[in-house]
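Quick notes on the structure that follows.
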Amino acid sequence: MLIIEKDLEFNFSDALCAIKFDDCAIHGNNSMKRVDFISEYDDCYRFIEVKDPDFADATEENRKQFRQNLMSGKLLNSFAGKYRDSFLFRQLEGKNNKPVDYIVLLSMASLDDALLINKTDQLHREIPLTHNTWTSSSARNCVILNLQKYKEVFGEGSVRRISKGAE
């Protein structure tokens, strides 16, 4: 099953199901933030948030603003809020019966591994993943990846840039 987000096409053929979760048809008119996709596997759910500042239509100013928002923590706050609200929504639907992996894909080639690791650590604290009174963690895994790393983790065919044609 394929899901498109702007210039990126995601292949979820290995999933039991996948939905575009950031959809008013699912949520109605409410103010809850939501991740872009949720895919279900035998052992987990994957909540996936996608930001694509390398999209061909993005201006240099857009890319600069994106990087500033990432560095200042503004984007991390947004990512954490989307995860928490999506987690709550699914919990109230009775659909959080498996561990959840939260993947944030930042399709920006200029982001290096060290920065991604640093921002992942900050996101862990922002969500948060654990608390001393909780009986389980809020996410099994939480990671921020660039496009190259996403393909390394989930397979070369897991995502492609539509404007570049078949890869």
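For Ser158 and Asn132, a Förster radius of 35 Å and the Cβ-Cβ distance give a FRET efficiency of 0.45, rounded to the nearest 0.05. 3J(HN,Hα) along region 40-46, derived from phi through the Karplus expression 6.51 cos²θ - 1.76 cosθ + 1.60 where θ = phi - 60°, amounts to 10, 10, 4, 10, 6, 10, 10 Hz, with x in place of Gly and Pro.
Only aspartates and glutamates eight or more places from Lys64 in sequence, or on another chain, were considered; those with a Cα closer than 14 Å are Asp52, Asp54.
Its Cα gyration tensor gives the chain an equivalent ellipsoid; the semi-axes, largest first and in whole Å, are 24, 20, 16. With the simple spin-label model, which puts each label point 7 Å out from Cα in the Cβ direction, the Arg63 to Asp14 separation comes to 3.0 nm. Only helices enter this figure: runs of n ≥ 4 DSSP H residues, each worth -39500 (n - 2.57), summed and divided by the residues of the chain, yield -11000 deg cm²/dmol at 222 nm to the nearest 500.
Calculate, for Cys44 and Ala114, the FRET efficiency according to 1/(1 + (r/R0)^6) with r their C-beta to C-beta distance and R0 25 Å; round to the nearest 0.05.
On the way: r = 27 Å, r/R0 = 1.09.
The computed FRET efficiency comes out at 0.35.
Counting only DSSP beta bridges whose two residues both lie in region 2-164, roughly 55 percent are antiparallel.
Averaging the sequence gap over all C-alpha pairs within less than 8 Å and six or more residues apart, then dividing by the number of residues, gives the chain a relative contact order of 25 percent.
Every number here is computed from the coordinates shown, using simple stated rules; none is lab data. Quantities reported herein were computed from a predicted structural model and do not represent experimental measurements. All Cβ positions, even for glycine, are placed from backbone atoms using ideal geometry, and neighbour counts span all protein chains on display.
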